[in-house]
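What follows is a short report on a single structure.
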Amino acid sequence: MRVFSSSSTQFSGKDFTRRIVFPMAGVLIVAIMVVIAFVVVSAGQQNDLEVEASKKLATTALQVKAREVGRNLRDYAVWEDAYKNLHENIDLEWAATDGNIGANIYEGLGYEMAFAVSPGDKTVYAVINGVPQQVDAFKIMPRGLRDLLHVASIQTDPTTSVIKAGDDIFIVAASALLPQSIDRKTVKSKDLTMLVFAKRLDQKFLDRMSQDYLLSGLAISPQKPEGAEASIPLMSQDRVYLGSITWSPAKPGFQLLRFILPPLCISLVVLAAFAMLVVRNAGRSTKALEESAKTVEAYAQTLKESEARFKDVAEASSDWIWESDQTLRLIYFSTRFTEVTGLSAASVLGKTFKQFFSSDADSDGWIRLIEGTNDHTSFRDLRCCYRDANGHTRVCRLAGRPILGPSGEFLGFRGTATDITEEVEAQERATHLAHHDALTGLPNRVLFRERLNLALAANTEQTSRISIICLDLDHFKEVNDTLGHGAGDLLLQQLSSRLMGCVRMHDTVARLGGDEFAIIQVGVNQPLEAEELSRKLIEVVRAPFTIEGQDLHIGVSIGIAIADTTDGDPERLLKNADIALYRAKQGGRATYRIFEAQMDAELQARKALEYDLRQAVLKNELEVHYQPLIDLETRDVAAVEALVRWRHPARGLVSPAEFIPLAEETGLIVSIGEWVLETACRQALEWEGMRVAVNLSPVQFRNRELVETVRQVLERTGLEPARLELEITESVLINDATAALDILNGLKALGVKIAMDDFGTGYSSLGYLNSFPFDKIKIDKSFIGGMSNKDKSGAIVKSVISLGQSLNMITTAEGVETPEQVAFLRAEGCDQLQGYFFSKPVTAPELAAFIERWSTEKTIDEIAA
């Protein structure tokens, strides 16, 4: 019996061809055409991508070159010497010197042009092709340079642009000429001198750029390129087209076609032949395929399980892979385990989680791990610890998920472990650096505030046990100025060790910044413990520091504030310590002061006085009074001394002893002193032949521009230099005798006279007379008061007068108030007298009346008799 009829089972050759061969051939032809089209399109896209990539590379290369110009420019823009010689004083000879901003800019750095442009847009210095020239930068680069300088003047970093000069195109960088020692915020952009470097975009430049960045055939086109394979435009600061850089990019797509098409065609032919063979043998293979189906299904199941394992591991992220059984015993490690830990897998396999991993004290990772494994749930990002082969504790991050059998039964866990020890250590270092001073290792201001808050919170009922001790080093600036900041850093490190040796374990020593330190002290007997510690600190700091083979001596001023039981505000406590520190520095340094309530009131009064003084300078409330100097030989008014007075609108005349120290401390004395100097010089022109004496403050004297200031005042007023007498005290000579001698010689070169004021009140007056070019000695009034033939003051005055005569110097006695003093000084040969006996300091009109009255009466003989 036949199960199937012939009509239903017969499968003829024509049917096979129609149903199998033709569709297979059609599919094959379409596939071949699609592959070829895809290859051709891909080749074109690769060519397009290569063009875009080369454009980005060329743009990046040009930007890199521009940043290189900017970096080179910045090195010169922050150079202190460049600032002094191209901004403060224009020294073209210095600038043209090779190694400064001369030929080395062209020969060493390859910049064809460099300019220095003053605040008035004047080109004060130019070097072209290594040769200094007197040219106008804005004529060479008429378009774009001015805009670039404007943008650069308001930026902290150099600004670059592309500018056209003639037929050439340049990469131009500009930056303000300003050293790092000057705060940029204190200088207006219109007052800046700008430094400019220019690099020509010539063929030599492009060849080097082509070699560095593998860009073939780089060239500059002044016109917009037509038909160029690749180009980038060169635009100015205001987006004006200047030209283009063109080149011939690589064509990887065409290369790919030449490489792929021949073997592809061969492969397709072989594939077609193979397809035909497959079709021919398809019938024969059907039975074999059915028999192989079961085998394929078994392999598919194995593959599915393998894929599940891989997926689990991949989702957990990996470093080294682990597995455990149902009892949480470790049964598998990947080879990466030994590489990371140094342990052999065999030495750990069989151990439980608790036996190998341990708790991380800095997180709850261990608790979460135990909970996750007990509940048979997935877990990730859990921090735990383990010990490596060297016995070192390391930190890892665990992730895992349960392994389930075919019926859903729990078989164990599989996951990854990532060693994060270095990451944790880096975080700890970052946290330490955020709360500690990098130089000394002491707590910084942030950690200091945190510990102060904790100390106050822990002693809320006995806050009076807490003291804040602020320290400020005396004469530390001289160490930096003379030996450099490296020596200063070494001194601060040694100082920190000494400070730590003076406090107890629970006290905090912090560096707040610079040479400022602070201590939090918790004691039971305040302020006695704070005072005892302060005395110990002063003695410890007073001991010499050995730095680079030299013994350095500094001091420390200390301010103490004791926490108030009624007010535990940490900000106010620190402010009070600062106020006490300020009073300690006022008290002569190397001492300590404890904050008292009136200190704050006095500080506020001082701030109010400082504000009023600043307003007085702005509102012209200052006056110049004059006191005459009487020549004993001619009995004429030989000179007048100019003395500044402050007429306060509410307080009347303020004592100079009250506001002059404040002006010196705030720096206002510089502008006040220049105003007094110019006012006195102008007034002296109204008194024919009269010499005027002006006092110079030590703060003024430390200004290296003093000689130039005096020269400009003399030039503006027209006063003869010989009629100006500048009085200084020996305190201006103590800190830097060499610099003082240079300034005094510069003043003498102008033709002015120099007098030593308050002679005899210092320590080294006689030595200064021998070393410095003084014209006059002014005997301090402390020796004149109560003077007689027999007392010590009289003997000192005689010696000083005799000394002046021997050195051919004029001697002037200050503070003369009685006829007896006049007679004594005249008998001893003193040259000039000054004091209330003749006249107190008065206004210019009052002095003019005195001079007229004195010239007619000249009663000095009668007075001296």
Of the heavy-atom accessible surface of the chain (probe 1.4 angstrom), what whole percent is carbon and sulfur? 53 percent
Multiply the residue gap between L807 and S248 by 0.36 nm, knock off their C-alpha separation, and tell me the result in nm, one decimal place. 192.6 nm
Rounded to the nearest 10 degrees, what's the angle between the helix 203-213 long axis and the longest principal axis of the chain, both from Cα atoms, 0 to 90? 50 degrees
Mind pulling the angle between the C-alpha long axis of helix 844-857 and the longest principal axis of the chain? Nearest 10 degrees, somewhere in 0 to 90. 20 degrees
Eligible lysines near K536 by straight Cα distance, threshold 24 Å, same-chain separation 8 or greater: K477, K575, K585
Roughly how many whole Å is it from the C-alpha centroid of region 693-762 to that of region 577-601? 33 Å
Quick check: convex hull over the Cα atoms of region 43-160, volume per residue in Å³, rounded to an integer? 133 Å³
Going down the table (K55/K251; K619/K778; K607/K778), which pairs top 25 Å between alpha carbons? K619/K778; K607/K778
Relative to the first principal axis of the alpha-carbon coordinates of the chain, what is the inclination of helix 737-750, with its axis defined by its Cα atoms, in degrees from 0 to 90 and to the nearest 10? 60 degrees
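Using only DSSP helix segments of four residues or longer, with each worth -39500 (n - 2.57), what per-residue ellipticity at 222 nm results for the chain after dividing by its residue count and rounding to 500?
Estimated from H runs of four or more residues: -15000 deg cm²/dmol.
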Stretched out fully, how many nm does the piece from N745 to N129 gain, at 0.36 nm a residue minus the Cα gap? 217.7 nm
Once you mark the chymotrypsin sites (Phe, Trp or Tyr not before Pro) that are in a DSSP loop and have at most 14 other Cβ atoms within 10 Å, what is the longest gap between them in the chain? 12-762
Can you tell me which lysines have their Cα less than 16 Å from the Cα of K781? Leave out same-chain residues fewer than eight positions away. K792, K798, K840
Modelled label-to-label distance, R572 and R258, 7 Å Cα→beta-carbon offset: nm? 8.7 nm
Tabulate in residue order the Karplus-calculated ³J(HN,Hα) for region 378-389, using 6.51 cos²θ - 1.76 cosθ + 1.60 with θ = phi - 60°, rounded to whole Hz; enter x for Gly and Pro. 5, 8, 7, 6, 9, 8, 9, 10, 8, 10, 7, 5
Can you work out the base-10 log of I(q)/I(0) for the chain at q = 0.08, 0.09, 0.11 1/Å, using the Debye formula on its C-alpha atoms alone? -1.10, -1.22, -1.33
Using 18 Å as the Cα-Cα cut-off, could you pick out the over-long pairs in K164/K224; K139/K164; K56/K199; K65/K185? K56/K199; K65/K185
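In percent, what relative contact order does the chain have, based on Cα pairs under 8 Å that are 6 or more apart in sequence?
6 percent
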Take Q301 and K139, extend 7 Å from each Cα along the Cα→Cβ direction, and tell me the distance between the two endpoints in nm. 9.6 nm
Calculate the spin-label point distance for A434 paired with I154, positioning each point 7 Å from the Cα along the beta-carbon direction, and give it in nanometres. 3.5 nm
Pairwise centroid distance, computed over Cα atoms, of region 407-432 with region 64-105, Å: 54 Å
Hits among lysines - C-alpha to C-alpha of K304 under 19 Å, sequence gap 8 or more where chains match: K294
Average projected area of the Cα convex hull of region 449-527, in nm²? 5.7 nm²
Need the full-extension length gain, S855 to K792, defined as separation in residues times 0.36 nm minus the C-alpha distance. One decimal, nm. 19.2 nm
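Which net charge results for the neighbourhood of L411, defined as the other residues with beta-carbon distances under 10 angstrom from its beta-carbon, given Lys and Arg at +1 and Asp and Glu at -1?
-2
The values are calculated or read from the model by the stated rules, or taken from the named source; none is laboratory data. None of these values were measured; they are calculated from a predicted model. A quick note on method: Cβ atoms are made from the backbone with ideal geometry, for glycine too, and the neighbour counts reach across all protein chains shown. In case anyone asks, the SASA skips ligands and DNA or RNA and just uses the protein heavy atoms, side chains included. Shrake-Rupley method; radii C 1.70, N 1.55, O 1.52, S 1.80 Å.
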